[in-house]
1. Would you point out the residue of the range 92-103, among those that are at pLDDT below 95 and among the charged types (D, E, K, R), that is nearest to residue 42 (Cα to Cα)?
2. Using the structure shown, decide if residue 15 is at pLDDT 95 or above, in a helix (DSSP H, G or I) and open to solvent by less than 30 Å² (accessible area, probe 1.4 Å).
3. Mind checking whether some residue in the range 24-39 is under 11 Å from the mean Cα position of the chain (by Cα) and open to solvent by 40 Å² or more (accessible area, probe 1.4 Å)?
4. Can you pull out every residue in the range 53-80 that is charged (D, E, K, R), part of a helix (DSSP H, G or I), closer than 30 Å to residue 6 by Cα and open to solvent by 60 Å² or more (accessible area, probe 1.4 Å)?
5. Just checking, how many residues over the range 25-49 are part of a helix (DSSP H, G or I) and either at positive phi or modelled with pLDDT of 95 or more (or both)?
6. What's the number of the condition residue 83 fails, among (1) part of a helix (DSSP H, G or I); (2) at pLDDT 95 or above?
Amino acid sequence: MTGSPELLEFYLVEATEYLDALDQLVAGTGGTPDGNAFIATARALRGASSMAKVDPLEKIASAMEQIAHAVRDGELRWTVDLYRVLRVTVDDLRFLVRGVRTW
């Protein structure tokens, strides 16, 4: 990670907003999340992580984007287990984003 301190501060705000949106999408009403919104939000998190040079989070966001594509396209079924894993992932990402300055 080689982002500037100013860029990392901006990243913290932006990534937190994307994680809030992902949390709402995944939690939703208990059903399958809106596929296009899920993809767009995961992609935005990936892009922000890339710009801030936070490579590990970029890779996780990329994996979430791939999952979102698979769910939307019917290649991956939305299950309780997938829901749980994504909720935990979003929570873990929040923890990682908060500590990004000290990595």
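1. Top of the filtered list is 98.
2. In short, yes.
3. no
4. Hits for the range 53-80 are 55, 59.
5. Matching residues across the range 25-49 total 14.
6. Evaluating residue 83 over (1) part of a helix (DSSP H, G or I); (2) at pLDDT 95 or above leaves (2) as the failure.
The values are calculated or read from the model by the stated rules, or taken from the named source; none is laboratory data. Quick caveat, the model's predicted, so the values are computed rather than measured. These accessible areas exclude ligands, DNA and RNA; they are computed on the full protein's heavy atoms, side chains included. Shrake-Rupley method; radii C 1.70, N 1.55, O 1.52, S 1.80 Å.
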